[in-house]
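The block underneath contains the structure these notes are about, expressed in structure tokens.
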Amino acid sequence: MYLVFPTHAELARYTSQKLKTLMLSAVPTTVGLATGSTMEPVYANLIQSLQSAGPQDFKQLVSFNLDEYVGLNRQHPQSYRYYMQQHLFDHIGLPDEQTFLPDGSCTDIDEQCAWYSQAIQQRGGLDFQLLGIGTNGHIGFNEPGTPFDSRTHVVELSEQTRIDNGRFFDDFAEVPTHAITLGIADIMEAKEVWLLITGEHKAQTVLNYHRSAVDENMPASVLKRHPNAHILLDQAAATLLPAEVQTHYRTQAA
Ligand code: GLP
């Protein structure tokens, strides 16, 4: 199901309210978080909303991030751990022991991958998974062709993904060639999934998703099989969808 918001800002506000409710839950809650520029206003809104609600302890919350670059440690400004500390965790005082990301600088990557999927399962799986999308349809770092039954694994990043993500690095040669990502099967076991897609530069990706059958060459298309997946778009990302689809799913809710 799509939800089409007039702007990225409104989509971000709406998503932050969902995350806030999950994070303040009175029962154990496991949330899958994502990085990327799409999520920056989501986390900015979330911080503001949590801070205005007064001190929180997040006792019931554990988070697992989707992915991390191989070879970057948590102090590296382009590592996803650094992003999460800067854009969310440090602002709300979420302790390290409640937040998990794959460790891109670990010595035994295969062991780390196996541990990561198991750690999520031991918590009873993800209650909620937040997702962005790459222009080639990747979710997490599951590039086109990734088997739908994959668990946390190491991937070689496609040229397209390295080019897309190169904007965050001073020099293209510094863009990592590999990453650790939650697998498609891990993502599909989440009880609820929200895929956020914003900006005109993702409009073609949205159209490709819309037209795609459930196909490993369009990783996000697997969500068409998920019983509780929602695709949240801003108007700019929705522009190439058929007019009746845009109208049908338009929402003002924020
Ligand atoms: C990276 C991340 C993805 C993210 C994607 C989109 O490749 N691994 O999880 O969804 O970028 O990022 P952005 O929101 O910056 O377009």
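A compact table of results
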{"quantity": "Full-stretch length increase - residue 90, residue 73 - with 0.36 nm per residue and alpha-carbon distance subtracted", "calculated": "4.4 nm"}
{"quantity": "Built amide H within the under 5 Å cut-off of residue 230, gap 5+", "calculated": "193, 194, 195"}
{"quantity": "The chain shape via C-alpha gyration tensor axes, a/c threshold 1.5", "calculated": "rounded"}
{"quantity": "Rounded to the nearest 20 debye, dipole of the stretch 105-254 from Cβ charges on Lys, Arg, Asp, Glu", "calculated": "660 debye"}
{"quantity": "Reachable lysines, given that their alpha-carbon falls under 24 Å from the alpha-carbon of residue 224 and they are not under 8 places away in the same chain", "calculated": "18, 191, 202"}
{"quantity": "Pairwise centroid distance, computed over Cα atoms, of the stretch 74-116 with the stretch 119-136, Å", "calculated": "15 Å"}
{"quantity": "Kyte-Doolittle at least -0.5, axis length at least 15 Å by Cα - qualifying DSSP helices, the chain", "calculated": "40-52"}
{"quantity": "Leading residue at positive end of dipole, the stretch 19-135 (Cβ point charges), from 46, 33, 130", "calculated": "46"}
{"quantity": "Of 200, 216, 244, the one that fluctuates the most in a GNM where the chain has Cα springs shorter than 10 Å", "calculated": "244"}
{"quantity": "Unit charges on C-beta of K, R, D, E only; dipole of the chain, Debye", "calculated": "940 debye"}
{"quantity": "Within a Gaussian network of the chain (alpha carbon springs, distance under 10 Å), most fluctuating of 47, 120, 163", "calculated": "163"}
{"quantity": "In Hz, Karplus ³J(HN,Hα) per residue of the stretch 165-176 (6.51, -1.76, 1.60; θ = phi - 60°; x = Gly, Pro)", "calculated": "8, x, 5, 8, 10, 5, 9, 4, 4, 7, 5, x"}
{"quantity": "For the chain, built as a Gaussian network whose Cα springs stay under 10 Å, the top-fluctuating residue of 125, 54, 32", "calculated": "54"}
{"quantity": "Label point distance in nm, residue 201-residue 114, each placed 7 Å from Cα along Cα→Cβ", "calculated": "3.9 nm"}
{"quantity": "Positive dipole terminus of the chain, leading residue within 92, 15, 153 (C-beta point charges)", "calculated": "15"}
{"quantity": "Surrounding net charge for residue 140, when Lys and Arg each add one and Asp and Glu each subtract one, Cβ distance under 13 Å", "calculated": "-3"}
{"quantity": "Gain on full stretching of the segment that runs from residue 51 to residue 27 - 0.36 nm per residue minus C-alpha separation", "calculated": "6.5 nm"}
{"quantity": "11 Å beta-carbon shell around residue 172, net charge (K/R +1, D/E -1)", "calculated": "-2"}
{"quantity": "Extended-chain gain in nm, criterion 0.36 nm per residue less alpha-carbon gap, residue 171 and residue 105", "calculated": "21.7 nm"}
{"quantity": "Neighbourhood net charge (10 Å Cβ-Cβ; Lys/Arg +1, Asp/Glu -1) for residue 6", "calculated": "-1"}
{"quantity": "Relative contact order (%) - criterion: Cα under 8 Å, at least six apart; region: the stretch 154-254", "calculated": "26 percent"}
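Where a number appears in this text, it was derived from the coordinates with a stated rule and is not lab data. Keep in mind that this is a model prediction, so the values were computed, not measured. All Cβ positions, even for glycine, are placed from backbone atoms using ideal geometry, and neighbour counts span all protein chains on display.
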